Amino acid sequence: MVHLNVRIALAYQVLHTGADFVFNIQAAYTSLQTVSAEQLVIAPMGTCEQGIDGVTHNRTLRLHASPGPLKLTYTATVDINHHLALTAELQEVPVAQLPLPVLPYLYPSRYCQSDALGSMVMELFGSHKPGYARVLAVQAWVQSQVTFRSNSSNSATSALDTLRDRAGVCRDFAHLMIALCRALNMPARFTTGTDFGADPVLGPPDFHAYVEVYLSHRWFIFDPSGTAIPLGFIRIGTGRDAADVSIATIFGNVLAEQPVVSVFADPGSHGQYLMPSASIYGISTA
């Protein structure tokens, strides 16, 4: 089990008549990820409503803010009991055997236009043996073709844009890998969390986007940007692409400051917890 402490601080200046916010910044409750303690501080406190999606486990926070400063600080202690599997045993699931809730992750979506990549993926990966190894081949191809470059994309950048520009951040790597996997009839979804172990050269700790692919009737984690350590990811949101799990969706005129994120792994007083590290296993937290 990995024991993590996370702190997320968001700050805004709300202009004019006020604004409405929909946040997705709280650690998800799943059977393998337990939030043992958490606190959410909103200043000033306004009208607020929270909810949890019964399928994705995404936690939504909606609030209205009057003109002026708005600050949110979320802290949590999270225990993750990862499911680890031998990669050679992980197989693709035929479409006819996919559970109905998994089917939406086969379809093209706003940022993952898999329907435009059919001939390309067959040329690149059609001869690969189906299974975990083929997913790794897709991930390796994305990493070899796309350069991690801060501020090289924006909220409108899609998988096809990244394929053309060959540069992006973790969000863009994830969208391209998802589109490629779906074009190969492998369900793939976009997951947000917090990074861990990223190279300081890439900047301070931040939110992170990674991929989950459905293999052997379970969702397994892949990090196409290759910038962090998956055993240290804290799951926040899951969706078809970034449109479903935006950290903050804002309705109104707002100036936003840079988020401040920190994550620390705690080995425990007697070393009872694992420290996140690279793993040779298939990793699942869903």
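Bear in mind that the values in this text are calculations on the coordinates, not laboratory data. Nothing here was measured: the structure is a model prediction, and the numbers come from that model. Neighbour counts are summed over all protein chains in view; Cβ atoms, including those assigned to glycine, are modelled from backbone coordinates with ideal geometry.
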Once HIS270 and SER36 are pulled to full extension, the length gained, defined as 0.36 nm per residue separation minus their Cα-Cα distance, is 82.4 nm
Residue by residue through the stretch 150-158, the couplings from Karplus 6.51 cos²θ - 1.76 cosθ + 1.60 with θ = phi - 60°, in Hz, x for Gly and Pro, are 4, 6, 9, 9, 9, 5, 9, 5, 10
Simple SL model, points at 7 angstrom along Cα→Cβ for SER66 and LEU84; separation in nm is 5.3
In debye to the nearest 20, the charge dipole size for the chain, taken about the Cα centre with +1 at each Lys and Arg Cβ and -1 at each Asp and Glu Cβ, equals 200
Mean Cβ-within-10 Å packing, highest first, puts peptides 91-103, 189-201 in the order 189-201, 91-103
Restricting to Cα pairs under 8 Å and 6 or more apart, the percent relative contact order of the chain works out to 29
The relative contact order of the stretch 151-203, taking Cα pairs under 8 Å that sit 6 or more residues apart, comes to a percentage of 26
Residue span MET45 to THR147: 0.36 nm per residue of separation minus Cα-Cα distance leaves a gain in nm of 32.6 nm
For the chain, the longest principal axis of the Cα atoms and the Cα long axis of helix 170-183 enclose an angle in degrees, to the nearest 10, of 40
So, with points 7 Å from each Cα along the Cβ direction, the HIS217-ALA116 label distance in nm works out to 3.7
Along the dipole axis of the chain (charges at Cβ: +1 for Lys and Arg, -1 for Asp and Glu; origin at the Cα centre), the most positive-end residue among MET177, PRO230, HIS83 is MET177
With x for Gly and Pro, the residue-by-residue ³J(HN,Hα) of the stretch 18-24, computed from phi through the Karplus equation 6.51 cos²θ - 1.76 cosθ + 1.60 at θ = phi - 60° and given in whole Hz, is x, 8, 10, 10, 10, 9, 9
Taking the dipole of the chain about the Cα centre (Lys, Arg +1; Asp, Glu -1; charges at Cβ), the one of MET122, GLY197, SER36 that reaches farthest to the positive side is MET122
The size of the Cβ-based charge dipole (Lys, Arg +1; Asp, Glu -1) of the stretch 83-245 about the Cα centre, to the nearest 20 debye, is 180
Amide H contacts under 5 Å for GLN91, restricted to residues at least 5 apart in sequence or on another chain and with H modeled in the peptide plane, are SER216
Helix-only [θ] at 222 nm, the chain, -39500 (n - 2.57) per DSSP H run of 4+, per residue, nearest 500, equals -4500 deg cm²/dmol
Here the stretch 74-81 yields Karplus 3J(HN,Hα) values (6.51, -1.76, 1.60; θ = phi - 60°; whole Hz; Gly and Pro given as x) of 10, 10, 7, 10, 10, 10, 10, 9
Most packed first (mean Cβ within 10 Å per residue), the peptides 78-88, 262-272 order as 78-88, 262-272
